[in-house]
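Down below is the structure, laid out as structure tokens.
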Amino acid sequence: MAKRDFYEVLGVDSSASAQEVKKAFRRIAMKYHPDRNPDDKDADEKFKEAQEAYEILSDADKKAAYDRYGHAGVDQNGGGQGGAGFSDVFGDVFGDIFGGGGGRGRSGPARGSDLRYDLQLDLEDAVKGKTVQIDVPTMTHCDSCGGSGARKGSSPVTCDTCGGVGQVRMSQGFFSVQQACPKCRGRGKIISDPCGICHGQGVREERKTLSVKIPAGVDTGDRIRLSGKGEAGPQGGPAGDLYVEMHVREHDIFVRDGSNLHCEVPISFAQAALGGELEVPTLSGKVKLKVPAETQSSKLFRLRGKGVAPVRGGAQGDLLCRVVVETPINLSPEQREILEKFDKSLDGKSKHSPRSNNWFDGVKTFFDNLTN
């Protein structure tokens with residue numbers, strides 16, 4: 001029986017695009033696939049006919065030969081059994097449903113793993129920036145085999161199961177599923193004579209000393225990516241990346257809040273009452289802080305521009321100083337007598353104690369409301 005015209009089989013014109021050819025075959029395959037039509041010989045024949053037509057018309061070279069010479073130009077002694085075969089053709093059509101990308105497997109060695117290094121920094125170094133040396137345990141390419149995994153003088157051979165693509169296609173009912181080649185484990189190559197140093201892995205453990213430039217203004221949680229400084233890939237594969245994560249230690253004086261710094265400044269009772277000038281520390285040196293008379297404990301003073309310049313840009317933060325009035329301890333009899341005289345001199349006048357005055361007023365109002 002003479003073969004029908006392939007364009008007629010798929011119901012498309014000779015000028016149809018590759019996408020139109022694929023769409024036409026998809027429609028016919030869904031309708032006549034044997035799994036959907038068990039024991040229907042007519043459907044089976046139509047499916048095989050469409051399969052053969054698609055195999056020819058989806059290939060630019062075969063299509064050109066068919067357009068010029070007809071069936072004689074593409075005779076394969078059995079039609080759809082030659083060339084790519086049903087598994088590839090069907091995978092090309094339906095692979096996009098499962099992300100198969102046309103049924104082509106990954107080729108080449110796998111990429112190495114990414115690594116993370118936790119770097120402990122003092123606040124001063126995080127704010128000002130610094131270049132540090134770090135030692136990183138990692139996997140590097142084996143010097144003996146050059147990372148190939150094969151003994152020196154030999155080389156890996158192409159896997160005869162997957163043809164070097166690293167993946168095979170398995171038919172499961174109506175669909176075709178792509179998976180890693182079980183023989184070469186997705187690598188596409190087989191090492192018959194492995195390297196005696198790395199035992200065919202192409203990598204070995206080593207400690208690397210790396211120089212890392214820490215930019216000014218980094219904070220806990222910030223990461224620096226060093227491209228290609230992670231683990232080397234097996235069988236000569238590209239290396240992964242190294243991520244250096246910042247961890248800023250607690251400081252004895254300052255607490256960081258974004259671009260601002262906070263600190264507590266202890267002052268004496270006399271300084272708070274009389275006022276004066278204090279010397280306070282900043283990360284760039286000492287500065288003078290004027291404390292007005294009658295300053296209360298927890299009063300906040302802002303020193304502009306004495307904070308942190310953010311690593312991602314923006315205005316430099318401030319230093320916020322909170323004064324804490326200290327109560328004197330270990331008083332001598334003479335000091336105690338002076339304080340007692342001072343306290344009597346106030347004669348219970350609450351105007352000298354503004355916070356106390358407000359507190360007692362609030363207590364009085366509270367109890368008055370309870371009794372009403």
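The values are calculated or read from the model by the stated rules, or taken from the named source; none is laboratory data. Source: prediction; values computed, not measured. When we count neighbours, we look across all protein chains shown, and the Cβ atoms used for this are built from the backbone with ideal geometry, even at glycine. Areas reflect the complete protein model, heavy atoms only, side chains present, ligands, DNA and RNA absent. Shrake-Rupley method; radii C 1.70, N 1.55, O 1.52, S 1.80 Å.
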### Query
Within region 243-263, how many residues turn out to be open to solvent by less than 40 Å² (accessible area, probe 1.4 Å) and within 14 Å of residue 119 (Cα to Cα)?
4
### Query
Which one is farthest from the chain's Cα centre (by Cα) among residues in region 281-302 that are in a loop (DSSP other than H, G, I, E, B) and among the charged types (D, E, K, R)?
294
### Task
Among the candidates 43, 16, 53, 29, single out the residue that is part of a loop (DSSP other than H, G, I, E, B) and either of a type in the set (Phe, Trp, Tyr) or surrounded by 12 or more Cβ atoms within 10 Å (Cβ to Cβ) (or both).
16
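Only one of 202, 217, 240 is modelled with pLDDT under 80 and either buried (at least 18 other Cβ atoms within 10 Å of the Cβ) or β-branched (Val, Ile, Thr) (or both). Can you tell me which?
202
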### Query
In this structure, is residue 295 modelled with pLDDT of 90 or more, in contact with a helix residue (DSSP H, G or I) (Cβ under 6 Å, 6 or more places away or on another chain) and open to solvent by less than 100 Å² (accessible area, probe 1.4 Å)?
yes
### Residue that is nearest to residue 254 (Cα to Cα) [pool: residues in region 124-150 that are out of contact with any strand residue (DSSP E or B) (no Cβ under 6 Å at 6 or more places or on another chain) and of a type in the set (A, V, I, L, M)]
127
### Whichever residue in region 152-190 is open to solvent by 50 Å² or more (accessible area, probe 1.4 Å) and in contact with a helix residue (DSSP H, G or I) (Cβ under 8 Å, 6 or more places away or on another chain) and, among such residues, is modelled with the highest pLDDT
189
### Message
Step by step: first the residues of region 271-292, then only those that are free of Cβ contacts under 8 Å to residues at least 12 places away in the same chain and open to solvent by 50 Å² or more (accessible area, probe 1.4 Å), then the one that is nearest to residue 128 (Cα to Cα). Which residue is that?
### Response
286
